[in-house]
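Quick note: the coordinates plus some simple rules give every number you see, no bench work behind them. These numbers were taken from a predicted model, which means no experiment stands behind them. Please note: Cβ atoms are built from the backbone with ideal geometry, for glycine as well, and neighbour counts cover all protein chains shown.
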There are 2 protein chains.
Amino acid sequence: MRLIAFGDSMVAGAGDPDHLGWIGRALAGRRAVTLYNLGVRRETSGDIAARWRAEAMPRLVDDEPMQIVFSFGANDCHIEDGRPRVAQAQSLKNAHAMLTGAAAIAPVLLVGPPPMADPGVSARLEGLNDTLKALAARLKVPFIDVFRPLAADGLFQAEALAWDGAHPGAAGYQRMADLVRVHPAWTAFTLAD
Amino acid sequence: MRLIAFGDSMVAGAGDPDHLGWIGRALAGRRAVTLYNLGVRRETSGDIAARWRAEAMPRLVDDEPMQIVFSFGANDCHIEDGRPRVAQAQSLKNAHAMLTGAAAIAPVLLVGPPPMADPGVSARLEGLNDTLKALAARLKVPFIDVFRPLAADGLFQAEALAWDGAHPGAAGYQRMADLVRVHPAWTAFTLAD
């Protein structure tokens, strides 16, 4: 099975000393899964929407199951020039375009964003997480909600604060991976292996 | 520092149960390095030459050191319809175009291919490794030769034979990472961190 993951620095695993991120950790021991990690730092939903298709193309094959994961949101909610980099209505449009476009090619999964250390960003992100969850339900795309469990636990944000203010370390990414790994949507999604 | 790695399944780390590959393993503990692993299975030097620039663009930033690594060769040497998928002269042309193109953007490193389990493929690959090494010297691009140490050691190929005939497991990738990690070209290259 080949799994293509599109997203931001959280998908890329920025700050993880082990260079795994939550998705590498969620796939630990799954030797037959080839992971293409296409997370890119600072990218909004609009940036990912603009590139995902071109980057998926050379990675698609007919002779093995392909799966596509998306995870984004934090950069949309960052303030630039007095407003969020992407307004929530536009984030939803971008998500809708990506999820429907990708679902025409392969099974798709949306993983909600983890909480941010900055309270203002994180409050907006919580709202975006809820609207993404509702959109996914409407599109019948499986969704994994990690926001509130990670926020309640606190480790993810504490590690981010202790590092660069945004990205956790090994333990925070592992905590997110543990939530993803046992989620029924993940086990169903990666069953193709 | 941000390191973009272009290559084939060996760069992607196919078959590594830990989803690190040699490059993730070579960067273990280097938390400030963001790794963009853009290895793609089955790709020849021609396939990589066709996409590397478009995929580098969204990942380049001005405010942090960028480095670009290439590693390829095995798929060029596979036989299809009675001949290698890419003739050696064309492999060199592709390598020349990538190395000079990327060197205009960021510091570049070429890591030679690891040996293959198939003796015929591996014999051609050994020749390609030598010509890539000579090309890199001519272009003053640092080169890390892993072919003969890995072939002499045998573990990389033994693990590949025990799995899918091409890709090693954790120990083989770690062996390659250990060769890369201590190489002066690697330490100089990743010093920007």
### Task
Considering only B:Pro114, B:Pro168, B:Pro65, give the residue with the highest GNM mean-square fluctuation for chain B, with springs between Cα atoms whenever their separation is below 10 Å.
B:Pro65
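Give me the percent relative contact order of chain A, please, defined on Cα pairs under 8 angstrom at least 6 residues apart. Kindly include the intermediate steps, with their values, before the conclusion.
On the way: 344 pairs, mean separation 47.6, N = 193.
Relative contact order comes out at 25 percent.
For the stretch A:139-193, what ratio Rg/Rh do Cα atoms give with a Kirkwood hydrodynamic radius? Kindly include the intermediate steps, with their values, before the conclusion.
Values: Rg = 13.1 Å, Rh = 12.2 Å.
Taking Rh as the inverse mean 1/r over Cα pairs, Rg/Rh reads 1.07.
Dividing the Cα convex hull volume of the stretch B:57-133 by residue count, how many Å³ per residue is that? Present the calculation step by step, with values, prior to reporting the outcome.
On the way: hull volume 8.0 nm³, N = 77.
Spread over its residues, the Cα hull of the stretch B:57-133 gives 104 Å³ apiece.
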### Query
Measuring from a point 7 Å out along Cα→Cβ, what nm distances, shortest first, does B:Arg138 have to its partners in the other copies?
5.9
### Summary
homo-copy label distances at A:Arg42 (7 angstrom along Cα-Cβ), nm, one dp, ascending, are 3.5
### Message
If you only keep lysine pairs separated by 8 or more in sequence, or across chains, how many in the protein assembly as shown come under 27 Å at the Cα atoms?
### Response
4
### Among beta bridges that DSSP assigns inside chain A, antiparallel share in %, nearest 5
10 percent
## Note on the structure
Asserting the computed 222 nm helical MRE of chain B (DSSP H runs at least 4 long, -39500 (n - 2.57) per run, divided by residue count, to nearest 500) equals -14000 deg cm²/dmol
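Need one number: % antiparallel among DSSP beta bridges in the protein assembly as shown, to the nearest 5. Spell out each step's value before the answer.
Details: 4 of 38 bridges.
Antiparallel: roughly 10 percent of the beta bridges in the protein assembly as shown.
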### Copy-to-copy label separations for A:Asp164, where each label sits 7 Å from Cα toward Cβ, in nm and ascending
3.1
### Task
Please identify, among A:Gly21, A:Gly13, A:Gly165, the residue showing maximal mean-square fluctuation in a Gaussian network model of chain A using a 10 angstrom Cα cutoff.
A:Gly165
### Message
For the stretch B:158-193 and the stretch A:21-49, what is the centre-to-centre distance using only Cα atoms, to the nearest Å?
### Response
21 Å
